[in-house]
Every structure is written in structure tokens, then in C-alpha cells.
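Enquirer: Questions regarding the structure given below will be posed in turn.
The values are calculated or read from the model by the stated rules, or taken from the named source; none is laboratory data. In this text the structure is predicted, and so the values were computed from the model without any measurement. Backbone-built Cβ (ideal geometry, glycine too); neighbour counts: all protein chains shown. Each accessible area value is taken on the protein alone, full model and side chains, heavy atoms only, with ligands, DNA and RNA left out. Shrake-Rupley method; radii C 1.70, N 1.55, O 1.52, S 1.80 Å.
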Amino acid sequence: MTKRIYRSILWACLIVMVTTVGATVYALYQAFVQESVAQLEKETELVASALNQGIDPEKEVEILALGDVRVCLIDSDGMVVYDSAHPGLEQNHKDRDEIVQAMNTGKGFSIRHSHTISEETYNCAILLNDGSYLRLSQSHSSMLNLFFQAVLPLVFVLPLVLLFVWGLARILSNNIVDPINRIDPGKPLDNIPYEQLRPLLERLDQGNRQIHQQLLQLETRNREFEALTASMDEGLLMVSTEGGLIYANPAAARIFSLHEDWQIQDHPDLDEMVHQALAGNNKQKNWKRKGRIYSLEASPVRNNDQCLGAFILALDVTEKLEMQKRRQEFTANVTHELKTPLQTISSSAELLNSGLVKAEDVPRFSSYIYQEASRMTDMVNDIIHLSRLENENVTTDQKTDLNAVCARCVEKLKHNAEVRNVTLHFEGKSAWVDGSEVDLKSIVKNLIENAIHYNRPEGEVWVTVDSDQKQVVLKVRDTGMGIPLQYRERIFERFFTADPSRSQSGTGLGLAIVRHAVDNLGGTIDVTSKTGEGSTFTVRLPKAALNMEANVEETDTKSDPAI
């Protein structure tokens, strides 16, 4: 803006200077013309007066002529009788403007221009008493010549004039612009250099207030958006139409391992999805990274019909897919496990129905049917129990003495132990935990049953309950076959058994039920085992906070090896 004002002032000064010089020359020229015409007319009247008084023009006219004034005597027919500038030159001037005017009015005046010599000739004619004409003429420089004569000195001082004009224009432009430059755009009304700018500055101030309000709203929305996306477990990437990364929430930074030089073009799978989204198409695929499986979904971001970019949403579906896989495996295992007892029941019932079974064999076939039906009932009950543990958030206000639960379970299972020639040992003290008796019983019962079933003849099982200030510890140790190292990570899977030859003795869901029950109670379970020597299962549960715990009698229970 300063340059434009500077150039405008410079040109204005130059135009004013040229106009002033021209106007001055013209005014001087007009004044000079008027003065010259008046002087010539006065001299003509003086000469005419002398001639009218009887002066012989042929003898006395030279005396009357003054200076460079040309004197001519012209008879009534227009012929030149006397010419002081060109003696003896006879011409007819009847048609000259000044002579024509003198014929009509007694006095005439004319100006004749000479372009060749840049002069002007002023002519003044008066009608004499004898009918002849007196004409005085005087030559002067033309206006153009006078202009050049006036401008010529300026040529020598032109550099100084231009320098002066340049400096003046610069000073004026700075004086005009500096107060405007000192206006604070953020607070335009604090300093108003020119009142003419007040309406503009008031509109600017109003616009600043609106922009400030909009920025506050934008910052609020931005903070809300960042807070929302930061709390997401799903990764969110936002990409511009050029493919550049605009935004990534913390989950996306973790999933995609974002760094300063990270470019989406370096990842062909993501780059292809972004191109599809920018073209207006939704794209979805599963993506494996660092042992996890993510469902990636790329979608365009539109405003009306205009595509503003794209976003990629990354959802961790590892557990979902694993759950789906386990569900499929569980269905297949249930089908397989139920198929065997159903076949036994079906074949036995078919033989009984056909009448081919001898009377003395009927009880044996009926026993088969009863045993397999009982096994199916136990399996269905375990499946229902496991499903409840998996799908329900088991919370309870119940507080249960784990020691009492263990005592009852040992008492109920002592017959099974005697049948297999296994000795049960139990020792413990009162230990209260947060949980229902049903869940605690499922833990204790399944651990003891496994210790009995997978034990050797004349083997032993030790069940102990202990506690400290924070937790209750249940240990079930046996002298059985032990668990091979390669199977220890899988023993808590549904229907898995380390000894397939003995899988018919249970439902295959016991340890899976134990693991889920322990997890729901906030505890942990550890296994130590040595092949051929036995295994130890250690369950640790949080100890219940009892207000009246001091009044609860702690009882030490010891079982005789005979039970």
C-alpha cells in the first residue's frame, strides 16, 4: 500500500509541477499579448494623430516610427504606399483582416502566426482622414517558443526538482501509512489515526469478536473430539484428499506404531484402502499385526457431494474371533462328546426293544443306559454352569467359608476315593471369601475329582486351606500321573484331557469351570506338576472383609488318612 500511495503522490506532484509551469507560461503569455496589443494600439493612434495633423508621411514617417515597429501607409485601394521594413515593395493589402476591419469600423487588429520562425505579428490599422490607412506591425515570439524558453532553465534543475518531488512523496506516503500500520488488528478501536477509517475499524472489531467467539467454539469442540477419541479403544486415522495424515488418536498411534516420518504410502494395504475411500467406496478387511487381528474399515468423509478426506477405523477383533473359534470348537466338542453316550443308549435300547437280550442280561444293558444318561446329565449341567460363568458378571454380596466348603466336598467324595483306593487328606482353618457357595464348591469339587481320577492305585490327595491378611490359599496336591509339560497350557480348555484313555470318566469341562470361577472371584490358579510324581493346583482368592471376623471361631479341621 505504501508503494501505491508513494507512486500516486509522485505522479500528482509531477502533474502539478507541469500544469503549474504550463499555466504560468500561458498566463504570462496572455498578459504579454494584452500589454503588447495595448502598446501597439496606442502607438498607432499617436502616429495616426500626427499624420492627420498634416505631417508629410513620405518625409516624416520615419521620424514617427519607434524601435522595431513596422510602419505601413496604405491608400484607399489597398496598395502599400510606404513600408518601413520593405521600402519600394508595392503590395495590395486590401484583403488583410486589419484593413477590412478599419474600412468598416475605422480601426482594425489582427495577429498572424509564422510556424517557420515561431513568431507572431501583431497588426493594428487606423483609417486616416484622407481615406488612406496607417498600419503598425510588431513581431514577438510565439507561445510555444515562450514555453520552451521558460522550460529550458528547468532542464538544468530537473534532477533537483525530481529529487525533491521523490523525497516529498516518500515523506508524505510514510506520514500517511505509518499511523495506519500502527493500528492493532486485534484491538482496532484503541488507536484510530483518521476518523474516515472509523467505520472500517468498527467493522473489523466486530469481525474480531465474531472470530474470537467462533474460535472458542471450535476449541471446545476440538477438545471434546480429542477427549472422545482419546478414550476410544479403537484406532482412528483421518487422511486428507492428498493422502496426508491429519489426525490419529492414541489408540491408532499404538496400533500403527506412528512416528514422525510415518507415511500412509509406506503401507500398501492402508494406502489402497484410503484410495478406495477417497474414490467414494467403503472398504473393510482384517489386518494382522503384532499377534493381534484388527478389523479395518475405511470410509469417505463427505460434505454434501464433496469428498473432504477419509478415515480408517481399526477395531481389535482378536478376542471376538477367538471367541467365535472357541464357540465353534465347543459346539463340535459337545456334539462329539454327546454322540458317544447317545450311541450307547441308542444301541442298548434297540437291543432291549428287539427282545434279543436274554433276561439275565437286561440289568446290565439297563445299567449302560443309566450310566450314559447320567453322564449326559452331568455334561449338560457342566455346560450350563460354564456358560453362566462365561456370560454373566458374577457379583455377589455373599461371604462363604472356604474351609467349610472343602470339608463338605471331602466328605462327599471320600467314597469315590475309596473305590479307586486313594487316600484323602484334608487340613485347614476358617477362611472367608467373597463368593457364593455354588461357585466355591465347583472349584473344590472339580479339583478333588481330578486329583482322584488321575491318581494311581494306593495314591494320596492332600487338600489344604490357609489364609493371611489379604488372601485365602487352597492347595490340592496328588501323587498321580502328572501333567506333561506340553499340555500344561491347555488343561483349562474345554473337553481337553492329558490322558485320552481316561476321558470317559468325566465331562472334560471340570478345569475350564475352575478357571472361569476363579477369574470371576478375582483370584488366580497355578499348576506345578512332574510327570510320574503328581500335580499341585494352587488357588488364591481375595480374603473377605468381615466386621465380626474377630467373633468368628476359627476351627482347625484335620482329616484322618482313613477318610
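Enquirer: Kindly indicate which of 192, 183, 176 is of a type outside the set (S, T, N, Q), surrounded by 11 or more Cβ atoms within 10 Å (Cβ to Cβ), at pLDDT below 85 and within 33 Å of the chain's Cα centre (by Cα).
Expert: Only one candidate qualifies: 183.
Enquirer: Starting from the range 229-254, keep only residues that are surrounded by 16 or more Cβ atoms within 10 Å (Cβ to Cβ), then list their pairs with residues that are of a type in the set (D, E, K, R) whose Cβ atoms are within a distance under 7 Å, requiring at least 6 positions of separation or different chains.
Expert: 251/233; 251/234
Enquirer: Something else now. Only one of (1) at pLDDT below 75; (2) open to solvent by 60 Å² or more (accessible area, probe 1.4 Å) fails for residue 161. Which number is that?
Expert: (2)
Enquirer: Moving on. Have a look at 270, 308 and point out the one that is buried (at least 17 other Cβ atoms within 10 Å of the Cβ) and not β-branched (Val, Ile, Thr).
Expert: The conditions single out 270.
Enquirer: Taking residue 37, is it modelled with pLDDT of 75 or more, hydrophobic (A, V, I, L, M, F, W, C) and either open to solvent by less than 50 Å² (accessible area, probe 1.4 Å) or not in a helix (DSSP H, G or I) (or both)?
Expert: For residue 37, the condition - modelled with pLDDT of 75 or more, hydrophobic (A, V, I, L, M, F, W, C) and either open to solvent by less than 50 Å² (accessible area, probe 1.4 Å) or not in a helix (DSSP H, G or I) (or both) - is met.
Enquirer: Could you look through the range 449-463, keep only residues that are farther than 16 Å from residue 530 by Cβ and without any contact (Cβ under 8 Å) to a residue 40 or more places away in the chain, and pick out the one that is nearest to the chain's Cα centre (by Cα)?
Expert: 452
Enquirer: Restricting attention to the range 454-466, does a residue exist that is among the hydrophobic types (A, V, I, L, M, F, W, C), farther than 16 Å from residue 413 by Cβ and open to solvent by 30 Å² or more (accessible area, probe 1.4 Å)? Before the answer, list the steps.
Expert: Here is the first cut: in the range 454-466, the residues among the hydrophobic types (A, V, I, L, M, F, W, C) are 461-463, 465.
Checking the rest, the ones that are also farther than 16 Å from residue 413 by Cβ come to none.
No, because not a single residue in the range 454-466 is among the hydrophobic types (A, V, I, L, M, F, W, C), farther than 16 Å from residue 413 by Cβ and open to solvent by 30 Å² or more (accessible area, probe 1.4 Å).
Enquirer: Here is a list of conditions, (1) in contact with a Leu (Cβ under 8 Å, 6 or more places away or on another chain); (2) open to solvent by 60 Å² or more (accessible area, probe 1.4 Å), and residue 9 meets all of them except one; can you say which number that is?
Expert: (2)
Enquirer: Tell me which residues, restricted to the range 440-475, are touching a His at 6+ places or on another chain (Cβ under 8 Å), among the hydroxyl-bearing types (Ser, Thr, Tyr) and either modelled with pLDDT of 90 or more or assigned to a strand (DSSP E or B) (or both).
Expert: The answer is none; no residue qualifies.
Enquirer: Any residue in the range 15-28 that is modelled with pLDDT under 75 and surrounded by fewer than 13 Cβ atoms within 10 Å (Cβ to Cβ)?
Expert: Of the residues in the range 15-28, the ones modelled with pLDDT under 75 are 21, 25.
Right, trim to surrounded by fewer than 13 Cβ atoms within 10 Å (Cβ to Cβ) and you get none.
Checked against the condition, which is being modelled with pLDDT under 75 and surrounded by fewer than 13 Cβ atoms within 10 Å (Cβ to Cβ), the range 15-28 yields no hits at all.
Enquirer: Follow-up. Six or more apart or on different chains, Cβ under 6 Å: which pairs go from a residue in the range 483-494 that's in contact (Cβ under 8 Å) with a residue 12 or more places away in the chain and closer than 16 Å to residue 533 by Cβ to one that's open to solvent by 80 Å² or more (accessible area, probe 1.4 Å) and not basic (Lys, Arg)? Could you list them?
Expert: That search, which allows pairs on different chains as well, returns 484/531.
Enquirer: Another one. Among the listed residues 347, 299, 354, identify the single one that is surrounded by fewer than 11 Cβ atoms within 10 Å (Cβ to Cβ), modelled with pLDDT of 80 or more and either closer than 30 Å to residue 372 by Cβ or not aliphatic (A, V, I, L, M) (or both). Full working, then the answer.
Expert: Details: 347 fails: surrounded by fewer than 11 Cβ atoms within 10 Å (Cβ to Cβ); 299 fails: surrounded by fewer than 11 Cβ atoms within 10 Å (Cβ to Cβ).
From the options 347, 299, 354, the qualifying one is 354.
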